[in-house]
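Below: one structure, written as structure tokens.
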Amino acid sequence: MSTATARTTPLTAETAPPGALLHPRTLGPDDTGIVHLGLGNFHRAHQAVYTAAALAREEGPWGVLGVAGRSVGVADALQAQDLHYTVAEVSPDGLRCTIPGVHTGALVAAREPERVQRALAAAETRVISLTVTEHGYTYSPRTGGLDLDHPGVRSDLRGNRTAPRTTLGRIVRALQGRAHTHGAPVTVLSCDNLVGNGSHTRRLVEEFVAQLPVAEREELTAWIAAGQVTFPNTMVDRIVPATTESERAAVAEAIGVRDEVPVPAEPFTMWVLQDRFAASRPAWEAGGALFADDVEPYELLKVRLLNGTHSLIAYLGALDGHDTIPEATAQPFVAEAAHAVLWREYLPTLTVPDGVDLDMYVSRLFTRWTNSALGHRTRQVGSDGSVKLRQRIPDPALLHLRAGRMPHHLALTLAAYLCCLAPSAGFDPGEHAAAMADPARERLSTLRARTSDGPSFATAVLDDGLLGDELPEHAHFAARVGAFIDLIHTRGPRTAAAEATGSS
Ligand code: CS2
């Protein structure tokens, strides 16, 4: 076979280059011990890689049945490739391709809900893991609790048992089935960027259960209270961009066969978990996972220093016309604002976990953000800001405000977000901002149209509960956000950033 033909030969179990396989055995449906909700790139370059390392160290029932929510693309492509795909580690030194090979099936919840519910409820399923993004937890930004106005939540609560539409609905109905039949314990493992992701998921599950009719909830409530379900907190970290055609071509070049769904990822990866598993777990430490009793310091470190600063880079970068995070971070005014928000506003609000060398951690963050080979886009980080910023801004902002300090760069982050998503008439935030997806876009535009200037818009947005119900009590924060909005509109993001730096 010529090299050119090889590159059009599809990746399958048979054509996979053996040297790229992370563990030796091909898994079948009987090996499924994990059902994972959220078959996106992050899971496939993070948990799947740790699971491959665990299986390479010791055999176990830890194959992963991957479940996509609605989109069929990845699931169908994986099926056609015998569930194989490539993780392409991208660094300035080149490409390193590996094939985790840990999946035992790929389903789409909206297409085959009964099969998904059966798998979630099966006694053999020991871990239900989640990467459904902040958005997928159907919580209300205002209260942090279950969003009872969400149409999916409402439909799932009305008794939609066999084909729930929301992640919470799927989990609760599966737990109900387990409690009522075999009673086998299970761990619900959130791997999303929510502070206290496990505790948060537990709270949402309990709130969902509490809404069910008494007859439906008694058995389940007792079963959960008896400790049959655990919700460990986790901190997950790896920058994983969306796949583009150029990665498909580069991967085909590197491994000699065509993979339709490779996943690009940075070399860095980190996972810290509470070791609270109801029914054992894979030896993820074989892939470098850390187990700690208290994961919160790691979560705060990550969600604030990395994700919080990332948001500021993405919004300022997009407003300044930059497509990628590396291009944005290369602008001195963005790097300066990133340093300021990180060191002066996020860092004082957290305790650095023992054993983490802060200077090294931060310098590595900047190396990661400037990995230009990775091409992580400002529009990807900037998307879903309405649910992401809820995790990143209010708690640290409130700590400063209560101590009588104005967090100028946190205000700038919110202002830059609002200018990207809901610009005033006559201001063009550019194509990268226009491409940011956000469930709140329409709502924000309505609020913008109803208000006359930056401060009144910022006040309306905060009063509307975008960042919880405490920030609106600090009117001068809204005023500061509003002043930055006006400055961005009239003089651009560079002047606004300079003003923030000059004030702090
Ligand atoms: C990013 C994250 O999109 C975003 O908001 O901040 O996806 C970030 O790349 C990951 O959390 C890194 O672990």
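The values are calculated or read from the model by the stated rules, or taken from the named source; none is laboratory data. All figures in this text were calculated on a predicted structure; none of them were measured in a lab. Ideal geometry is used to build each Cβ from the backbone, glycine not excepted, and the neighbour counts take in all protein chains shown. Heavy atoms of the whole protein, side chains included, go into the accessibility calculation; ligands, DNA and RNA do not. Shrake-Rupley method; radii C 1.70, N 1.55, O 1.52, S 1.80 Å.
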*Given the peptides 129-138, 210-219, 361-370, 412-421, arrange them by the average over their residues of other C-beta atoms within 10 Å, most packed first.*
412-421, 129-138, 361-370, 210-219
*Can you grab the distance from the C-alpha centre of region 1-68 to the C-alpha centre of region 318-346, Å, no decimals?*
36
*Can you give me the relative contact order of the chain as a percent, contacts being Cα pairs under 8 Å and 6 or more apart?*
15
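Subtracting the Cα-Cα distance from 0.36 nm times the residue separation, let me have the gained length for ALA226 to SER140 in nm, one decimal.
Numbers: separation 86, 0.36 × 86 = 30.96 nm, distance 2.81 nm.
Stretched fully, the ALA226-SER140 segment lengthens by 28.1 nm.
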_At q = 0.10 Å⁻¹, base-10 log of I(q)/I(0) for region 101-201 (Debye sum, equal scatterers on each alpha carbon)_ = -0.28
*When ranked by the protection proxy of mean other Cβ atoms within 10 Å per residue, highest first, what sequence do the peptides 86-92, 119-125 form?*
86-92, 119-125
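Take LYS302, LYS388 and sort them by solvent-accessible surface of the protein heavy atoms, 1.4 Å probe, largest at the top. List each step's numbers first, then the result.
On the way: LYS302 10, LYS388 30 Å².
Putting LYS302, LYS388 in descending order of accessible area: LYS388, LYS302.
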*Cα-based convex hull, region 296-503, per residue volume (Å³, whole number)*: 107
*Under a 5 Å amide H to amide H cut-off, with H placed in plane at 1.01 Å, what residues pair with ARG377 once short-range neighbours are removed?*
ALA242, ILE325
*If you add up the charges near LEU342, with Lys and Arg at +1 and Asp and Glu at -1, over every other residue whose beta carbon is less than 15 angstrom from its beta carbon, what do you get?*
+3
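Can you pull out the GluC sites (Glu not before Pro) in region 422-475 whose DSSP state is coil and whose Cβ has at most 14 other Cβ atoms within 10 Å?
Details: sites: GLU431, GLU442, GLU470, GLU473; in loops: GLU470.
Sparse-neighbourhood loop GluC sites (Glu not before Pro): GLU470.
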_For LEU290, what residues show an amide H to amide H distance below 5 Å, using hydrogens built from the backbone and excluding near sequence neighbours?_
TRP271, VAL272, LEU273
*If you count, for each residue, the other Cβ atoms within 10 Å and average over each peptide, how do 287-298, 484-495 line up from highest to lowest?*
484-495, 287-298
*Sort the chain into rounded, prolate or oblate with this rule: let a ≥ b ≥ c be the square roots of the eigenvalues of the Cα gyration tensor; rounded if a/c is under 1.5, and if a/c is not under 1.5, prolate when a/b is larger than b/c, oblate otherwise.*
oblate
*Can you tell me how much longer the chain between GLN79 and ARG441 gets when fully stretched, taken as 0.36 nm per residue apart minus their C-alpha distance, in nm with one decimal?*
126.8 nm
*Compute the relative contact order of region 296-503 as a whole-number percentage, counting only Cα pairs closer than 8 Å that sit 6 or more residues apart in sequence.*
26
*From the backbone phi of region 213-228, what are the Karplus-calculated ³J(HN,Hα) couplings (6.51 cos²θ - 1.76 cosθ + 1.60, θ = phi - 60°) in whole Hz, Gly and Pro given as x?*
x, 3, 4, 7, 9, 4, 4, 5, 4, 5, 5, 5, 4, 6, x, 7
*At 222 nm, what helix-only mean residue ellipticity would the chain give, in deg cm²/dmol to the nearest 500, using -39500 (n - 2.57) for each DSSP H run of four or more?*
-13000 deg cm²/dmol
*region 353-470, accessible surface, carbon-and-sulfur percent (1.4 angstrom probe)*: 48
_region 3-291, relative contact order in percent, only Cα pairs under 8 angstrom and at least six apart counted_ = 25
